[in-house]
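Student: Just passing along the structure, written as structure tokens.
Here, each number is a calculation from the coordinates, and none is a lab measurement. What you see is a predicted model, and the numbers here were worked out from it, not measured in a lab. A quick note on method: Cβ atoms are made from the backbone with ideal geometry, for glycine too, and the neighbour counts reach across all protein chains shown.
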Amino acid sequence: MIPYQKNKKIGVNVYSIPLISIIPLDKFEEVFLPNNYDFVIFVSGNAVRLYLKEVFEKKISIWPLNSIAAAVGPATAKAFMYSRYIVSDIDKIQILFPNEFGNIYDSESLFALLKHNYSLLRKRILVVRGISGRNWLIDKLKESGCFVDICPIYLRKKELLLRSQLSIISKIYSESKEVIWVFTSNEIVSSFFLNLKHFYKNEFFEKSSFIVIHYKIKEFLESCFLGIGFKDLNIKICDPVEESISFAITSD
């Protein structure tokens, strides 16, 4: 567990806790090259980074201009646009992502955007993801007449915290009036409960509040707490971008 210096400007002590590790998968099929698809959909920043590294270092030298890159939200789109493999050609590349005020950044918003702007019938689409996830989006694309391939590029693995890391968390709680947890996926929530079972006591929850980036993560977090007998939680929902997370941390 290390201090997360990037957010030092917001005036609170911020720590990065390794509850999930991302493990790249070795297998990559030639058919998954972007020039074989009308759209390449990225579900996360990790999907962007690992896919671009794979295709640019081993297969291609430039992103094909007839392939539209799509992302589930602005953070994922930003990872694509500012990638060292893409940034010099970004003005030539089409990239699509939900980015209007009031949008929820998820599969539903991206699918609505695709349906509104394009005829999807017979379009070839590649979904770059981990070994699972985004099944709703994949099913809806197939129902719309798309040919969909799935490129599993990484594995998410729950990490078990060391005793020394758990001791640091305990020390943080003993020295703080409030501890805010930021969760960006259900997998991280699951790992949180796996690691912190022995913290389940009233004083822990009285000091704890939570920030999540999607209402589905909020629902999952609430169900996990309900399973151990707690229901009065302070949970905020914010956009999955650093500015929104920072504002949620510092606002009342």
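Student: Order these by the 10 Å Cβ neighbour count, fewest first: R134, R129, R122.
Tutor: Ranked by crowding around the Cβ, least crowded first: R122, R134, R129.
Student: Amide H to amide H under 5 Å from I211: which residues, 5+ apart in sequence or cross-chain, H placed 1.01 Å off N in plane?
Tutor: Answer set, sorted by chain and number: W181, V182, F183, K236.
Student: Please report S107, S251 as a ranked list, fewest other C-beta atoms within 10 angstrom at the top and most at the bottom.
Tutor: Ascending number of Cβ neighbours within 10 Å: S251, S107.
Student: Give, rounded to the nearest 20 debye, the magnitude of the charge dipole that the chain has about its Cα centre when Lys and Arg contribute +1 at Cβ and Asp and Glu contribute -1 at Cβ.
Tutor: 460
Student: Please label the shape of the stretch 22-157 as rounded, prolate or oblate, based on the square roots a ≥ b ≥ c of the eigenvalues of the alpha-carbon gyration tensor (a/c under 1.5 means rounded; beyond that, a/b larger than b/c means prolate, else oblate).
Tutor: rounded
Student: Given the C-alpha centroids of the stretch 170-185 and the stretch 31-80, what is the distance between them in whole angstrom?
Tutor: Answer, in whole Å: 35.
Student: Next up: Would you work out which of A79, I245, H214 lies farthest towards the positive end of the dipole of the chain? Charges go on Cβ: Lys and Arg +1, Asp and Glu -1.
Tutor: Projecting each Cα onto the dipole axis, the largest value belongs to A79.
Student: Would you calculate a helix-derived [θ] at 222 nm for the chain, using -39,500 (n - 2.57) for each DSSP H run of n ≥ 4 and dividing by the full residue count, to the nearest 500?
Tutor: Mean residue ellipticity, 222 nm, calculated: -11000 deg cm²/dmol.
Student: Exposure proxy check: E219, E203 ranked by fewest other beta carbons within 10 Å?
Tutor: E203, E219
Student: Amide H of I68 versus every other amide H placed in the peptide plane: which residues, excluding those fewer than 5 positions away on the same chain, fall under 5 Å?
Tutor: HN-HN under 5 Å from I68: F39, V40.
Student: Given Cα pairs under 8 Å that are at least 6 residues apart, what percent is the relative contact order of the stretch 22-157?
Tutor: Relative CO of the stretch 22-157 lands at 32 percent.
Student: Now, a different point. Using the charge dipole of the stretch 22-157 (Lys, Arg: +1 at Cβ; Asp, Glu: -1 at Cβ; taken about the Cα centre), state which of S144, V127, N99 has its Cα farthest towards the positive end.
Tutor: V127
Student: Given points 7 Å out from each Cα along the Cα-Cβ axis, report the N117 to N135 separation in nanometres with one decimal.
Tutor: 2.8
Student: Using the Karplus equation 6.51 cos²θ - 1.76 cosθ + 1.60 (θ = phi - 60°), what ³J(HN,Hα) coupling, rounded to whole Hz, does each residue of the stretch 228-244 give in order, writing x for Gly and Pro?
Tutor: Going residue by residue, I get 10, x, 10, 9, 8, 10, 9, 10, 10, 10, 9, 6, x, 10, 4, 4, 5 Hz, with x marking Gly and Pro.
Student: Once you keep just the Cα pairs under 8 angstrom separated by 6 or more residues, what percentage relative contact order results for the chain?
Tutor: 19
Student: To the nearest 20 Debye, how big is the dipole of the stretch 22-157 about its Cα centre, given +1 on the beta carbon of each Lys and Arg and -1 on that of each Asp and Glu?
Tutor: 200
Student: Give K177/K197; K58/K158; K197/K218; K78/K231 a once-over and call out the pairs whose C-alpha atoms are over 24 Å from each other.
Tutor: Result: K58/K158; K78/K231 exceed 24 Å.
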